[in-house]
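The values are calculated or read from the model by the stated rules, or taken from the named source; none is laboratory data. Values in this document were obtained by computation on a predicted structure and should not be read as measured data. Glycine also receives a Cβ, built like all others from the backbone with ideal geometry; neighbour counts cover every protein chain displayed.
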Amino acid sequence: MARFEGKTVIVTGGASGIGAAIAERFASEGASVVIADLRAESATAQAAKLINAIGVGCDVGDEAAVVACVDAAVAHTGRIDVIVNNAGLMTFKTLDQWTADDWLKVLRVDLLGAAFFTRELFRRVGPEGGAIINISSVHAVETSANAAPYAAAKAALLSLTRTSAIEGKAKNIRANAILPGAIDTPMLWENPNVKSGAEVIDKASVGQPRDVAAAAVFLASDDAAFITGASLAVDGGRLAAL
Ligand SMILES: NC(=O)c1ccc[n+]([C@@H]2O[C@H](COP(=O)([O-])OP(=O)(O)OC[C@H]3O[C@@H](n4cnc5c(N)ncnc54)[C@H](O)[C@@H]3O)[C@@H](O)[C@H]2O)c1
């Protein structure tokens, strides 16, 4: 039997890149998938390519929209089992230029969005429990210039993962983070630091969205039953190098 048969999985930012690959992989393993993305039409179009999926327009940084999205997922299948907090954005300025709005724009999506979906899973999960996968970044650990809010949000996401693992024990919820390195998606190639050469990307060390998807399904599966609060780098060894 497919290992996610009967399970409902929400993938945020699932209309593109890593999220699309994660949604595809969960669907291929039997899950009912809800693709929650700011771009509603793209979410619906992406969902239409999968076996058992719906697309929902959702700004993850909007608390009410997150509640409505989880309502839609529960209305669709009657349950919620796994949340993949993947939606993210990165903006670029030097430290002397950031405004409060700039900071909040990134923190709202990359950190608060995950916190809102975490809260909803904690409130609505069934007695069998569930799993949270937070898509962080190697920027949580090492970073480059001009990306302070992104690096801070991704580091805070690791902290949220730890708290979720601790508080999740009582509800049988496991929470783990993935730290992707350079992955072949629009976000990577549109990064001004990459375009300018300030962040050097060795093309031989660029991973594919499916590499992150493989880690996500593992962490959500029963094979990872004793893994919670962990951070898994999926970076081709990037963090290991001096
Ligand atoms: N690509 C990389 O090299 C890389 C490396 C490390 C971490 N990541 C992380 O992986 C995740 C996915 O990135 P990607 O490379 O696939 O990017 P992407 O730009 O291809 O996809 C991001 C998706 O998130 C959606 N999104 C953006 N803001 C949203 C919001 N407010 N609400 C809902 N959806 C929203 C976008 O519409 C898009 O579909 C991000 O969290 C990113 O930080 C990516």
Checklist entry - For the subset of the range 160-172 comprising residues that are β-branched (Val, Ile, Thr) and surrounded by fewer than 23 Cβ atoms within 10 Å (Cβ to Cβ), which member is nearest to the ligand (Cβ to nearest atom)? => result 163
Next on the checklist: For the structure I just gave you, tell me whether residue 197 is away from the ligand (no atom under 15 Å from the Cβ) and modelled with pLDDT under 95.
Outcome noted: yes
Item to check | Hits in the range 36-61 (condition: in contact (Cβ under 8 Å) with a residue 24 or more places away in the chain and more than 9 Å from the ligand (Cβ to nearest atom)) | outcome: 45, 47, 49, 50, 51, 52, 53, 55
Checklist entry - Do we have any residue at all in the range 176-183 that's among the aliphatic types (A, V, I, L, M), surrounded by fewer than 18 Cβ atoms within 10 Å (Cβ to Cβ) and under 27 Å from residue 29 (Cα atoms)? => result no
Checklist entry - Looking at this structure, is residue 20 within 19 Å of residue 114 (Cα to Cα) and part of a helix (DSSP H, G or I)? => result yes
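Each row is one residue, and each column tells you yes or no for (1) small (Gly, Ala, Ser); (2) in contact (Cβ under 8 Å) with a residue 40 or more places away in the chain.
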site: 157; (1), (2): no, yes
site: 171; (1), (2): no, yes
site: 221; (1), (2): yes, yes
site: 242; (1), (2): no, no
Next on the checklist: Can you tell me which residue is farthest from the ligand (Cβ to nearest atom) among those in the range 91-119 that are of a type in the set (Asp, Glu) and in contact (Cβ under 8 Å) with a residue 40 or more places away in the chain?
Outcome noted: 102
Item to check | Looking only at the range 48-64, and only at residues there that are surrounded by fewer than 23 Cβ atoms within 10 Å (Cβ to Cβ) and touching a strand residue (DSSP E or B) at 6+ places or on another chain (Cβ under 8 Å), the one that is farthest from residue 26 (Cα to Cα) | outcome: 57
Checklist entry - Does residue 196 satisfy the condition of being touching a residue at least 24 places away in the same chain (Cβ under 8 Å) and surrounded by fewer than 18 Cβ atoms within 10 Å (Cβ to Cβ)? => result no
Item to check | Any pair with Cβ under 6 angstrom, 6 or more apart, that starts in the range 72-90 at a residue that is more than 14 Å from residue 116 (Cα to Cα) and hydrophobic (A, V, I, L, M, F, W, C) and ends at one that is assigned to a helix (DSSP H, G or I) and within 10 Å of the ligand (Cβ to nearest atom) | outcome: 89/109; 90/150
Checklist entry - Give me the pairs: first residue in the range 136-150 and closer than 16 Å to residue 92 by Cα and free of Cβ contacts under 8 Å to residues at least 12 places away in the same chain, second residue assigned to a helix (DSSP H, G or I) and within 12 Å of the ligand (Cβ to nearest atom), beta-carbon distance under 7 Å, and six or more apart or on different chains, which are they? => result 143/151
Checklist entry - Yes or no: residue 126 touching a Leu at 6+ places or on another chain (Cβ under 6 Å) and more than 16 Å from the ligand (Cβ to nearest atom)? => result no
Item to check | Qualifying positions in the range 28-45 - assigned to a helix (DSSP H, G or I) and either among the aromatic types (Phe, Trp, Tyr) or farther than 15 Å from residue 86 by Cβ (or both) | outcome: 28, 40, 41, 44, 45
Checklist entry - Does residue 81 satisfy the condition of being closer than 25 Å to residue 176 by Cα and surrounded by fewer than 19 Cβ atoms within 10 Å (Cβ to Cβ)? => result no
Next on the checklist: Can you tell me which condition residue 64 does not meet? The list is (1) assigned to a loop (DSSP other than H, G, I, E, B); (2) more than 10 Å from the ligand (Cβ to nearest atom), and all the others hold.
Outcome noted: (1)
